[in-house]
There are 2 protein chains.
Amino acid sequence: MTDLDERDAAVGTPAPEAVSAVIARLSKEFGDRLSTGRAIREQHANTVTWLPNEAPDAVVFVESAEEVQAVVRACAAHGVPVIAFGTGSSLEGQINAPRGGISIDLSRMNRVLAVHAEDLDVVVEPGVTRKQLNEHVRDLGLFFPIDPGADASLGGMASTRASGTNAVRYGTMKDNVIALTAVLANGEIITTARRAKKSSAGYDLTRLFVGAEGTLGIITSLTLRLSGLPEAISGGVCPFPTIRAACDAVIMTIQSGLPVARIELLDEVQVKACNAYSKLDLPEQPMLFLEFHGTQAGVAEQAERFAEIADEFGGGPFTWTARPEERSKLWQARHDAYWACLPMKPGAKALATDVCVPLSRLADCVDETKRDIEEMGMVAPIVGHVGDGNFHTVTLVHMDDPQDVAKAKIFIERMVHRSLAMGGTATGEHGVGQGKKKYLEAEHGRETLDAMRAIKAALDPQNIMNPGKILP
Amino acid sequence: MTDLDERDAAVGTPAPEAVSAVIARLSKEFGDRLSTGRAIREQHANTVTWLPNEAPDAVVFVESAEEVQAVVRACAAHGVPVIAFGTGSSLEGQINAPRGGISIDLSRMNRVLAVHAEDLDVVVEPGVTRKQLNEHVRDLGLFFPIDPGADASLGGMASTRASGTNAVRYGTMKDNVIALTAVLANGEIITTARRAKKSSAGYDLTRLFVGAEGTLGIITSLTLRLSGLPEAISGGVCPFPTIRAACDAVIMTIQSGLPVARIELLDEVQVKACNAYSKLDLPEQPMLFLEFHGTQAGVAEQAERFAEIADEFGGGPFTWTARPEERSKLWQARHDAYWACLPMKPGAKALATDVCVPLSRLADCVDETKRDIEEMGMVAPIVGHVGDGNFHTVTLVHMDDPQDVAKAKIFIERMVHRSLAMGGTATGEHGVGQGKKKYLEAEHGRETLDAMRAIKAALDPQNIMNPGKILP
């Protein structure tokens, strides 16, 4: 396994003259909103994995769908790649430019275009971030539930099919994008669906673009589903003697139809890190963090039922609270889990990776992964959106130690194959990018990848839309 | 507007020798499981709309994915169309064979292949019907919530992106198909996803095939999400002074996050028909039928809250019951709405059509549609899955009276354009088939249809998979 596994060979890299021609054309149109400065270009390529930074040839800061269209048309005319950029928080090299090309920075397309409170939907430009959207709609008693941790752009979240802690109750981006507009490789703008809550009118292009990581087109607006802010929220933590006991409690919780809004697992290593970082004094055991949304009576009932379930599997005590400040402190600790890990191996970089398995295999998968961590002598706390069977390892790696890097790569590779062997997927929510391309055939089979390739070729025959991503 | 609007010209009809060659080849393989008898062929073409019955050249009763593959390969070799058939309950001509070809009857592929109770999923062959599935999993305390009324096959329900009364709470087929296998036009079998609850690993082919009406491939198995049978169910009916008042109550109910399992509107015409047919004595006013799922305390709380909302909009009294037999009687009446209509215009055929608009426009759309019905002197009761903004008219038509037929066509056309003008869709759940092809460009625009055509051509370059459907 070499770095080349994750990167693309230079096949398809456009000729320097083609790139120059595009940059000259766009410079005229965009003036100082086009940048070829090295710092800006590198900032627009991926930096949060071990994948090397592969900078685009230029970055254009667009302000409208028509401008996106202009960039795509210029690039299409010369066969130059186009890479969409939101906030740069993707984790698998989605924004790298292995063949160069133009990075389209969408962060200035950050207007909320329409709020339809009666319909519980909102129309936004792709550069709007989830926190910005939530501030915008809070006074209407509404919120956008998808929370991947980072304050990512909604266009980026759609493109990677993001989810996070609330997905067990509210679904993923797949379930919360009603429609979108996108600029295709041929420069045309399409709208995938109407604002109606459901439709049977033709192919589901919405879902095709959600998770396509910019390889089929550039999203220029999104119609998103909002939810009503719950009347009451309660949350709490519950320790368990073992990972398996915690997972069994999760299965029972989901199976009994308890509508948990969040149910997160932290292994004892992560709990210890959170205690130190967030100044908590949680027992250093496998721990579930929970949150319930509903009416006052409803959340109390849910908490009681969960406590009974936890008890049945030897867990507890389940301590919960409806007080916002206490709840926030707990969830802040959960959200800071990534940062909390860093001091555990000073000087190391934290590489987050995720897999997702059927719930019935979750305990097996986490247990085997923990055994691997121990046997390989690694530091890699585990956190998981366990209601969905999804978990992360945060692998701490000294990036300047080739042996440490090699070990981490082997560990992640084993984790992915373990997930696949259990009927799971190579990634529950981070996406494929460059980092997980090599697992796609093992996951889907050659015939399915060929179908994906046929669709890609049909919509982007020149392969200019974020080339070198998803498809191996 | 002529019938040709809905039908395809014979362009693409294979040569008789090609059809004969395929039938000869398949006869050898399938023996008496291949039929060319007229009655069987006509029974496998559409009969529940005004679309003319366009029979296939032969019907093959398959029993495995490999047999589907064999039929598709034979047809592909000779450029002969392949049409998937489940139970024949589709409403827009989805199973017609305008260019002849081979109808693949999947009803014998009716095995439940695996039940994973801990994961709340099940793997079925496409010919399993929803009632059969529900009988299979009931003892495990589980159910499959999608209920389009007819006891349709699950393959057909996936292919038309079916939904129905429970969709407001449990989603549509789009939300409840986890993965599927399908035979493509090239004869290869693909599996679209793993059994994990979520994934970001590549293009969402699952959602691309859900709603594709067999035009991209033939579904040979489905992994479906199950739900836990609710601990308690309560249901009831609530009259309103006007359609608008009922719709306003629906908006408030949805907006306040009340997790209604069903919320159905019947207009006063439909209530009258149901009273007569099902021997009820409901007040003949616009009426909401509701159902709540949850704990004992939860359903009582939901019912109380709904009663308050109804009261706020001048509705009520809301009479509800948790007694199964009373609830069943009400819902049976709702499910019999179609049959209840028939005596209102003796000798007429009932043509069900559906549109779906943003919730905020529902009252406008229903009101204007009712005005149209009145002004045109038609009999067309209205029922709706109003929590989703989706409603149906059941237009009663004397099929042997060309004027009556012409009038109904104009009425439906106006209803579709009304929905589109309000941000709605031409069909919320019945699909496009042949009947609604002509509206697809008005709904999506030329550029979007071109993208759909490109995908279709990429996966089915000979256009043999259910040709003449969806794409105009």
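The values are calculated or read from the model by the stated rules, or taken from the named source; none is laboratory data. Just so we're clear, the structure is a prediction, and the values are computed from it rather than from any experiment. So basically every Cβ, Gly included, is an ideal-geometry build from the backbone, and we count neighbours across all protein chains shown.
Which numbered condition in (1) among the acidic types (Asp, Glu); (2) surrounded by fewer than 19 Cβ atoms within 10 Å (Cβ to Cβ); (3) closer than 27 Å to A:LYS436 by Cβ is the only one that A:ASP57 fails?
(2)
Of everything in the stretch A:367-384 that's in contact with a strand residue (DSSP E or B) (Cβ under 8 Å, 6 or more places away or on another chain), within 17 Å of A:VAL416 (Cβ to Cβ) and away from chain B (no Cβ under 14 Å), which residue is surrounded by the most Cβ atoms within 10 Å (Cβ to Cβ)?
Applying the filter and picking the extreme gives A:ALA380.
In the stretch B:390-413, what residues are of a type in the set (Phe, Trp, Tyr) and assigned to a helix (DSSP H, G or I)?
B:PHE411
Run down B:MET399, B:MET452, B:MET415, B:MET465 and say which single residue is surrounded by fewer than 16 Cβ atoms within 10 Å (Cβ to Cβ) and touching a residue at least 12 places away in the same chain (Cβ under 8 Å).
One residue alone meets the criteria, B:MET399.
Out of B:GLY387, B:GLY423, I need the residue that is within 12 Å of chain A (Cβ to nearest Cβ) and not in a loop (DSSP other than H, G, I, E, B). Which one?
B:GLY387
Does any residue of the stretch B:193-204 turn out to be surrounded by 24 or more Cβ atoms within 10 Å (Cβ to Cβ), touching a residue at least 60 places away in the same chain (Cβ under 8 Å), among the hydrophobic types (A, V, I, L, M, F, W, C) and in contact with a strand residue (DSSP E or B) (Cβ under 7 Å, 6 or more places away or on another chain)?
Taking every residue of the stretch B:193-204 in turn, none turns out to be surrounded by 24 or more Cβ atoms within 10 Å (Cβ to Cβ), touching a residue at least 60 places away in the same chain (Cβ under 8 Å), among the hydrophobic types (A, V, I, L, M, F, W, C) and in contact with a strand residue (DSSP E or B) (Cβ under 7 Å, 6 or more places away or on another chain).
For the stretch B:79-140, list the strands (runs of 3 or more DSSP E) that sit wholly inside it and hold at least 3 residues that are of a type outside the set (S, T, N, Q) and surrounded by fewer than 24 Cβ atoms within 10 Å (Cβ to Cβ); which are they?
Qualifying strands (runs of 3 or more DSSP E): B:112-116.
So A:TRP50 fits all but one of (1) within 25 Å of A:GLN434 (Cβ to Cβ); (2) part of a strand (DSSP E or B); (3) of a type in the set (A, V, I, L, M, F, W, C); what number is the exception?
(2)
Looking at A:ARG305, A:ARG327, A:ARG361, which is the one that is among the basic types (Lys, Arg), buried (at least 19 other Cβ atoms within 10 Å of the Cβ), in a helix (DSSP H, G or I) and in contact (Cβ under 8 Å) with a residue 40 or more places away in the chain?
Matching residue, one of A:ARG305, A:ARG327, A:ARG361: A:ARG361.
So how many residues does the stretch A:268-300 have that are within 20 Å of A:ALA167 (Cβ to Cβ) and under 25 Å from the mean Cα position of the chain (by Cα)?
Residues flagged as within 20 Å of A:ALA167 (Cβ to Cβ) and under 25 Å from the mean Cα position of the chain (by Cα) within the stretch A:268-300 amount to 8.
Taking A:LEU120 and the conditions (1) more than 18 Å from A:ASP354 (Cβ to Cβ); (2) touching a residue at least 24 places away in the same chain (Cβ under 8 Å); (3) more than 11 Å from every other protein chain (Cβ to nearest Cβ), which numbered condition does it fall short on, given that it satisfies the others?
So the condition that A:LEU120 fails would be (3).
What is the residue count in the stretch A:78-96 for residues that are touching a helix residue (DSSP H, G or I) at 6+ places or on another chain (Cβ under 8 Å) and over 16 Å from A:ALA152 (Cβ atoms)?
Matching residues across the stretch A:78-96 total 5.
When A:ASN463 is evaluated against the numbered criteria (1) within 9 Å of chain B (Cβ to nearest Cβ); (2) outside any helix (DSSP H, G or I); (3) farther than 19 Å from A:VAL366 by Cα, which criterion, by number, is the only one it fails?
(1)
Considering each of A:ALA333, A:ALA340, A:ALA350 in turn, give the residue that is within 30 Å of A:LEU91 (Cβ to Cβ), part of a strand (DSSP E or B) and more than 14 Å from chain B (Cβ to nearest Cβ).
A:ALA350
Mind checking whether some residue in the stretch B:63-75 is surrounded by fewer than 24 Cβ atoms within 10 Å (Cβ to Cβ), touching a Gly at 6+ places or on another chain (Cβ under 9 Å) and assigned to a loop (DSSP other than H, G, I, E, B)?
no
Condition check: within 15 Å of A:GLY202 (Cα to Cα) and crowded, with 24+ Cβ neighbours inside 10 Å. Does B:LYS436 satisfy that?
yes
What's the total number of residues in the stretch A:160-178 that are under 18 Å from A:THR87 (Cβ atoms) and either surrounded by fewer than 24 Cβ atoms within 10 Å (Cβ to Cβ) or under 9 Å from the mean Cα position of the chain (by Cα) (or both)?
Residues flagged as under 18 Å from A:THR87 (Cβ atoms) and either surrounded by fewer than 24 Cβ atoms within 10 Å (Cβ to Cβ) or under 9 Å from the mean Cα position of the chain (by Cα) (or both) within the stretch A:160-178 amount to 5.
Would you tally the residues in the stretch A:34-56 being of a type in the set (Val, Ile, Thr) and touching a residue at least 24 places away in the same chain (Cβ under 8 Å)?
Total meeting the criteria: 3.
Considering the stretch B:426-449 alone, what residues qualify as being more than 7 Å from every other protein chain (Cβ to nearest Cβ) and free of Cβ contacts under 8 Å to residues at least 40 places away in the same chain?
Passing the criteria: B:TYR439, B:GLU441, B:ALA442, B:ARG446, B:LEU449.
Taking only the stretch A:284-303 into account, find how many residues are farther than 26 Å from A:PHE144 by Cβ and at pLDDT 95 or above.
Adding up the residues that qualify gives 4.
On the basis of being surrounded by fewer than 18 Cβ atoms within 10 Å (Cβ to Cβ), within 14 Å of chain B (Cβ to nearest Cβ) and not hydroxyl-bearing (Ser, Thr, Tyr), does A:ALA406 make the cut?
Judged against the criteria, A:ALA406 is not a match.
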